[in-house]
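Scroll down for the structure; my scribbles are underneath it.
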Amino acid sequence: MDNAAIADRLDAFAALLDLADANVYTAPAYRRAAATIRSTPASVHELVRAGRIQELNGIGSGIAARLGELIETGRIAELDELEREVRPELVGLGRYLGVAPKRMLEIAAELDVRTPDEFREAAAAGRLQTVRGVGPATERRLLARLTRESAQASRGIHLDRARALLEQIATALDGEVAGDVRRWTALPSDLVVVAAADRPDAVLDRFAELPAVVTVVEREERHAVGVTVEGLPVTLHVPEPARFGTGLVRATGSDAYVAALGRLPEAADEEAVYRALGLPWCPPELREEPFSGEPPQLVELGDVRGDLHCHTTWSDGRATVREMALAAIELGYEYIAICDHTPAVRVVPGLDADDLRRQGEEIAAVNEEVQPFRVLRGTEVDIRRDGELDLPDDVLAELDWVQLSLHAGQREPGDELTRKVTHAMRHPAVRCLSHPTGRLLGYRAPNALDIDRVIEVALETGVALEVNGLPARLDLDGEHVRVAVRAGVPVVASTDAHSTRGLSNMRLAVATARRGWATAADVLNTRRVQALG
């Protein structure tokens, strides 16, 4: 088995552990192991055979034992048992229909059905009302969703998960990611893949057999909708190769954007579609609203020279200063800033003045080793409840980079929140405001901070605004980035990385900046370290 196939089995195991209400830490551990295996250049098969698999980060004895079983027998016995008990295809269909996993299995048991097809047959035969608790209204709702007459609005998922899911499917089908995910929408719900084929049946069959797809709820000649175990619908379009570009343009842009293009010409690639329309090619991130003219030369991931917001084991990170530096060097960066928390954050360890000075000694030692690469002494200093910064001025003056953050008080009234934040931005040591709106996607709405006023103060003080690449944040969002860029306020694309792997979230930060029309000149950390000011 190759690494991708092994990782797929671990991901499937993690999904079933979730459904089986396993220990809250177990499923994420298997997902992390799957991600490690996908990114490992060495053969995992050979590492298992050689007894060296636990040398990989995040592979403990339990996961190593499952991997040994998988390599030896081609199966994981517990995974097979979970598939029999949990029936992921029924659970996935249930979630798609808006029915909780436990309730879906109860309904299936009362109907004596074991597959989605059997469930559909029972529903079409009018048997749903024989199930306790299913009345006429519930039956009508389920029948409508089963026949796609009333499509359930798919809930969004974090962009990193959506990208991983669709990239895996697209690779297996030799296709391209499209929809919200190709536009790098913060919380995508329109999950689409486009794969060209003269004969679509083979592609549609492969789609239905993918580990990520537990059931197919719709299939036509060149179109199918599959459902993941989480109940997420994934749409597959299979245009003829000569029409692939047309299909990709149509499946990528928002409805408003595509409608404004008018009748789309048939073409094998996107560039040909735009040429035929007499338009310049448009980056996917800008295909939200119709616009005319030449799009700007957007910032690229390769333009980034460093990451200015990283954490270490000094606070709540999982890697040392040295490990973060070496990982950044591997990415081709010239610098990183270590910005661990201060005590006011409370929920995790924070560094006071003495801690920061001791950390500074460690950073100096690492700099001696890794030069000319540079580790900047920094902090993610909290704004206290009284509006003052959580470190003394003399310590802040010693640092190379000061990130300003507000963690507590996110529900304060807008005027009070804005007054507190803008007052803190005027401190002469502050260089950047972290995740300004405080949102946590799918969990906490943005705070009431007056972003227009923040941008005014940023212009006065020279403080940059962060585009935080944590998948749960992506803050600022693209709309606010565009306002900042128009005003002439620089942004910083950073990861808020709490591990070496977290540095990879730079692509999310850059994509979000691109959604805000940011060029390399607008992004502060595309500059050399000497030009950071």
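Close amide-amide hydrogen proximity is noted between Thr215 and Val227, each under 5 Å apart and 5 or more residues distant or on a separate chain (H modeled in the peptide plane; Pro and chain starts excluded). Amide H to amide H, with H built 1.01 Å from N, Arg439 comes under 5 Å of Asn447, counting only residues 5 or more places away or on other chains.
One chain, two ends: Glu85 and Ala256. Fully extended at 0.36 nm per residue, the span grows by 57.1 nm beyond their Cα-Cα distance. Only helices enter the 222 nm calculation for the chain: every DSSP H run of n ≥ 4 contributes -39,500 (n - 2.57), and dividing by all residues gives -13000 deg cm²/dmol, rounded to 500.
A simple rule links phi to the HN-Hα coupling: the Karplus curve 6.51 cos²θ - 1.76 cosθ + 1.60 with θ = phi - 60°, which for the range 469-482 gives x, 4, x, 7, 10, 6, 9, 5, 8, x, 4, 6, 4, 5 Hz, with x for Gly and Pro. Ranking Ser61, Ser43 from most to least accessible surface, computed with a 1.4 Å probe over the protein chains only, gives Ser61, Ser43. In this structure, Asp452 and Arg411 have a Cβ-Cβ separation that, at R0 = 25 Å, corresponds to a calculated FRET efficiency of about 0.75.
By a 1.4 Å probe calculation restricted to protein chains, Ile338 has an accessible surface near 0 Å², given to the nearest 10. Per-residue surface analysis assigns Val421 an accessible area of about 10 Å², computed on protein heavy atoms at 1.4 Å probe radius. If only the Cβ of Lys and Arg carry +1 and only the Cβ of Asp and Glu carry -1, the dipole of the chain around its Cα centre is close to 800 debye.
For the chain, the fraction of alpha-carbon pairs lying more than 32 Å apart is 52 percent, rounded to a whole number. Restricting to the range 242-393, what percent of DSSP beta bridges are antiparallel, rounded to 5? If I count the DSSP bridges inside the range 242-393, around 10 percent turn out antiparallel. Distances between every pair of Cα atoms in the range 334-402, grouped in 5 Å steps from 0 to the bin holding the largest one, split as 4, 18, 27, 23, 15, 8, 4, 1, 0 percent. The slack in the chain from His223 to Asp205, taken as 0.36 nm per residue of separation less the alpha-carbon distance, amounts to 5.4 nm.
For Arg527, the amide hydrogen comes within under 5 Å of the amide hydrogens of Arg305, counting only partners 5 or more places away or on other chains and with H modelled in the peptide plane.
With a 1.4 Å probe rolled over the protein heavy atoms of all chains, the accessible area of Lys420, Lys102 falls in the order Lys102, Lys420, largest first.
Loop-resident trypsin sites (Lys or Arg not before Pro) (DSSP state other than H, G, I, E or B) in the range 116-215 with no more than 16 further Cβ atoms inside 10 Å of their Cβ: Arg132, Arg148, Arg155.
Ranking Pro284, Pro241, Ala272 by Cα position along the charge dipole of the range 233-295, where only Lys, Arg, Asp and Glu carry charges on their C-beta atoms, puts Pro241 farthest toward the positive end. 3J(HN,Hα) along the range 26-37, derived from phi through the Karplus expression 6.51 cos²θ - 1.76 cosθ + 1.60 where θ = phi - 60°, amounts to 5, 4, x, 5, 5, 5, 5, 5, 4, 5, 4, 5 Hz, with x in place of Gly and Pro.
Each listed q (0.14, 0.17, 0.18, 0.22 Å⁻¹) maps to a log10 I(q)/I(0) for the range 80-199, found by the Debye formula over equal Cα scatterers with no solvent: -0.75, -0.96, -1.01, -1.15.
Projecting the Cα atoms of Tyr30, Leu111, Gly126 onto the charge dipole of the range 27-126 (Cβ charges, centred on the Cα centre) puts Tyr30 farthest toward the positive pole. Taking the square roots of 5 times each eigenvalue of the Cα gyration tensor of the range 227-305, largest first, gives ellipsoid semi-axes of 23, 20, 13 Å. Taking every alpha-carbon pair under 8 Å whose residues sit at least 6 apart, the range 289-356 reaches a relative contact order of 30 percent.
Using R₀ = 30 Å, calculate the FRET efficiency as 1/(1 + (r/R₀)^6) where r is the Cβ-Cβ separation of Glu398 and Arg419; round to 0.05. In this case the efficiency is close to 0.60. Listed values for the range 11-16 are Karplus-derived 3J(HN,Hα) couplings in whole Hz (6.51 cos²θ - 1.76 cosθ + 1.60, θ = phi - 60°), namely 4, 4, 4, 4, 4, 6, and x replaces Gly and Pro. Taking the square roots of 5 times each eigenvalue of the Cα gyration tensor of the range 385-533, largest first, gives ellipsoid semi-axes of 21, 19, 16 Å.
For the range 202-260, applying the loop criterion from DSSP together with a ceiling of 13 other beta carbons within 10 Å to the GluC sites (Glu not before Pro) yields Glu221.
Of the whole protein surface, Phe244 contributes about 40 Å² of accessible area at a 1.4 Å probe radius. Convex hull volume of the Cα atoms in the range 23-150, per residue, in Å³? It comes to 139 Å³ per residue, whole-number rounded. Per residue, the accessible area of the chain comes to 45 Å², computed with a 1.4 Å probe over protein heavy atoms only.
For the range 164-282, the alpha-carbon radius of gyration amounts to 1.04 times the rule-of-thumb value 2.2 N^0.38 Å expected for a compact globular protein.
Subtracting the Cα-Cα distance of Arg75 and Ala531 from their residue separation scaled by 0.36 nm leaves 158.7 nm.
Coordinate range of the alpha-carbon atoms in the range 1-80 per principal axis, descending: 33, 24, 20 Å. For the pair the range 429-502 / the range 34-108, the C-alpha centres are spaced 37 Å from each other.
Each principal axis of the range 276-433 carries a Cα extent, and these read 64, 47, 27 Å when sorted largest first.
The values are calculated or read from the model by the stated rules, or taken from the named source; none is laboratory data. Here the structure is a predicted model, which is why all the values come from computation and not from measurement. Reconstructed Cβ throughout: ideal geometry from the backbone, glycine too, with neighbour counts over all protein chains shown. Heavy atoms of the whole protein, side chains included, go into the accessibility calculation; ligands, DNA and RNA do not. Shrake-Rupley method; radii C 1.70, N 1.55, O 1.52, S 1.80 Å.
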